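See below for the structure under consideration.
Where a number appears in this text, it was derived from the coordinates with a stated rule and is not lab data. Given the structure is predicted, the values throughout are model-derived calculations rather than measurements. Quick reminder, even Gly has a Cβ in these numbers, built from the backbone with ideal geometry, and neighbours come from all protein chains shown.
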Amino acid sequence: MKTSIILAFAALCVFSAYADQGAEYDPSFAEYTLRAADLAYCCKKNLVNWNCGSLCDELAERVDYEVFVEIPTKFMDSVAYVIVRDDDAKIIFASFRGTNTMYQLLLEGLTERNENYDLHDIPDACVQSIFFDRYKVVRQHFLENITHYYNQYSDYTFVITGHSLGAALSTHAALDVVLSNIIPREQVVVYNFGSPRVGNYAFAQKYDEVIITNWRVVHYNDIFITWPVPCGKDSHGNCITEQDNPHYGQPGGSFYGWHTKGQAFYTKNEDSFQICDSEENDCADQFHSIFKKSITNHLRYMGVGLGCGSLKIPPLADDQFNFEFGKEPYTSACVKLPHLSLNEFWLDIMNMSANEEYILE
């Protein structure tokens with residue numbers, strides 16, 4: 001794990017690049033942003049007092065806490081985001097929390113309903129309902145907050161981020177703040193982690209047109225990159241846009257998504273990465289079988305176990321199922337990460353399979 005000094009240096013080095021069209025992917029800045037994304041899993045009381053354990057210790061010299069918002073939904077869960085500020089790099093981080101209850105996780109896995117994107121005029125745009133509905137829960141509050149901070153820090157770059165569900169929400173939020181004319185698109189940057197597909201091809205194309213700097217960081221065979229939201233497939237298993245489908249752009253029924261541009265695809269051991277297009281079989285799309293996908297690699301990015309710095313994941317793949325929470329009680333109180341229970345169930349399925357081809361990697 002890099003020190004806060006190195007992270008600060010990285011932020012200062014890459015900030016000037018955001019004035020240009022489509023800043024190149026910066027792995028050091030991605031690591032810094034990942035820490036900001038992980039803050040969204042923390043308890044509000046610990047963020048207010050900045051005592052969220054090692055994560056807060058690492059970021060203490062770099063960022064100042066601004067606000068944490070958590071709003072309950074009609075679906076018996078809640079949506080949360082946190083905003084922090086780095087004055088040296090002139091960056092505002094807005095981080096959305098990922099999936100944090102088993103009920104939320106089950107809904108994401110079982111709900112494939114698509115609906116019209118109705119926040120802005122994007123012809124034929126449909127989006128996955130589970131993510132869209134949750135963004136709408138916080139939308140008004142978020143736009144009011146982000147407007148306030150832009151009015152106060154109009155020369156800052158606004159980095160919108162999140163992990164898992166939070167990554168999907170960050171996609172909606174970034175597009176919304178630009179199309180709502182709240183922040184110029186040159187000042188909006190997206191780095192997110194473990195993002196599922198959010199919308200269909202029409203939605204993704206508009207997003208790619210509007211958001212200049214967007215990077216989806218993918219850890220190898222992270223299960224939630226390509227599941228539960230599928231893409232349409234041709235006879236060779238390649239993702240297709242589904243534009244020829246007579247039901248394309250219509251709500252209801254099964255949903256076929258399309259990833260946004262800017263995929264930074266990391267190897268299993270995260271010792272290297274390659275830059276890929278939205279849907280590319282050399283990258284995340286190569287894992288066609290659900291049994292080739294990994295829950296572990298959804299919870300670990302850049303060697304860091306997500307969950308307010310409290311989740312400890314052994315670095316060796318052979319020990320990938322031995323999850324445990326750290327010793328800091330004030331960090332784990334709000335971190336539920338239902339993926340852990342799902343992973344135990346997943347392991348049982350793997351053990352029942354007699355075919356070694358299906359061993360989860």
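Show me, for the range 148-158, the HN-Hα J-couplings you get by feeding each phi into the Karplus relation (A = 6.51, B = -1.76, C = 1.60, θ = phi - 60°), rounded to Hz, glycine and proline as x.
Here the 3J(HN,Hα) series is 4, 6, 5, 4, 8, 10, 6, 9, 8, 8, 9 Hz.
Could you order the peptides 167-179, 127-139 from most to least packed, using the average number of other C-beta atoms within 10 Å per residue?
The peptides rank, most packed first, as 167-179, 127-139.
What does the charge count near residue 157 come to, summing +1 for each Lys or Arg and -1 for each Asp or Glu among other residues with Cβ under 10 Å from its Cβ?
-2
Take peptides 192-204, 276-288 and line them up by average Cβ neighbours within 10 Å, highest first, as a rough protection proxy.
Highest to lowest by the protection proxy: 192-204, 276-288.
Could you derive backbone 3J(HN,Hα) for the range 49-55 from the dihedral phi with the Karplus parameters 6.51, -1.76 and 1.60 (θ = phi - 60°), listing whole Hz in sequence and x where the residue is Gly or Pro?
Along the range 49-55, the couplings run 8, 6, 10, 8, x, 4, 5 Hz.
Rounded to the nearest 5, what % of the DSSP beta bridges within the range 35-164 are antiparallel ones?
75 percent
For a Förster distance of 51 Å, can you work out the FRET efficiency between the beta-carbons of residue 245 and residue 67, rounded to the nearest 0.05?
About 0.75, to the nearest 0.05.
Could you work out the relative contact order of the range 147-193, using alpha carbon pairs under 8 angstrom and six or more residues apart, expressed as a whole percent?
In percent, rounded to a whole number, it is 50.
Once amide H atoms are placed 1.01 Å from N in the peptide plane, what residues at a sequence separation of 5 or more from residue 79, or on another chain, have their amide H within under 5 Å of its amide H?
It is 71, 73, by chain and number.
Lys and Arg at +1, Asp and Glu at -1: add these up for the other residues within a Cβ distance under 14 Å of residue 84 and post the number.
Charge balance in the 14 Å sphere: -2.
Tell me the relative contact order for the range 122-208 as a rounded percent, counting alpha carbon contacts under 8 Å between residues six or more apart.
Computed over the range 122-208, the figure is 43 percent.
What does the charge count near residue 304 come to, summing +1 for each Lys or Arg and -1 for each Asp or Glu among other residues with Cβ under 9 Å from its Cβ?
My count for the surroundings of residue 304 gives 0.
Using packing as a proxy for protection, rank 289-295, 231-237 so that the peptide with the highest average count of other Cβ atoms within 10 Å comes first.
289-295, 231-237
To the nearest 0.05, what FRET efficiency results for residue 106 and residue 275 with a Förster distance of 41 Å applied to their C-beta separation?
0.75
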